[in-house]
Amino acid sequence: MRDMQAGIARVETALVEIKAMLAASLPHLATRAELAQLRGDLRTDLGEKPGKLYMWGILAVLVAAYAAGLAGLAVLK
């Protein structure tokens, strides 16, 4: 019976140490609600970014402007 009580006492001390470790490290972790809010914010931000077609259009305009500039320089020389 004494061996069993000693074993239980060791388990209790181990549990106290684990509880202290978790209490020290868990406040730094995000909660499920915070992650859900972050996920919603990211979806909103991703919805506001320009699409691929818009980006290709901007690239085409820049290439055309560059080509027009080169053509203008060729005419001037």
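Bear in mind these aren't lab numbers, they're just calculated from the coordinates by the rules spelled out. Every value quoted in this text rests on a predicted model; they were computed, and no experiment measured them. Note that we place each Cβ from the backbone using ideal geometry, even for glycine, and neighbour counts take in every protein chain shown.
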Exercise. Which of the helices in the chain, when you take each full DSSP H run, stretch at least 15 Å along the axis at their Cα atoms and have an average Kyte-Doolittle score of 1.0 or higher?
Worked result: 52-76
Exercise. Just going by the charge dipole of the chain, with Lys and Arg at +1 and Asp and Glu at -1 on Cβ, which of A14, Y66, W56 is farthest out on the positive end?
Worked result: Y66
For this session: Note down the magnitude of the dipole of the chain about its Cα centre, charges +1 on Lys and Arg C-beta and -1 on Asp and Glu C-beta and zero elsewhere, to the nearest 20 debye.
Result: 300
Exercise. Just one of [x] 18, 61, 20, 0; [y] 15, 27, 20, 20, 15, 3; [z] 14, 15, 14, 13, 12, 10, 9, 7, 4, 2, 0 is P(r) over Cα pairs in 10 Å bins from 0, in percent calculated from these coordinates, so which is it?
Worked result: [z]
Exercise. What FRET efficiency would be calculated for the residue pair A64, L38, taking the C-beta separation as r and a Förster radius of 30 Å, to the nearest 0.05?
Worked result: 0.15
Problem set entry | 12 Å Cα-Cα reach of K49 towards aspartates and glutamates, excluding residues that sit fewer than 8 places from it in its own chain | none
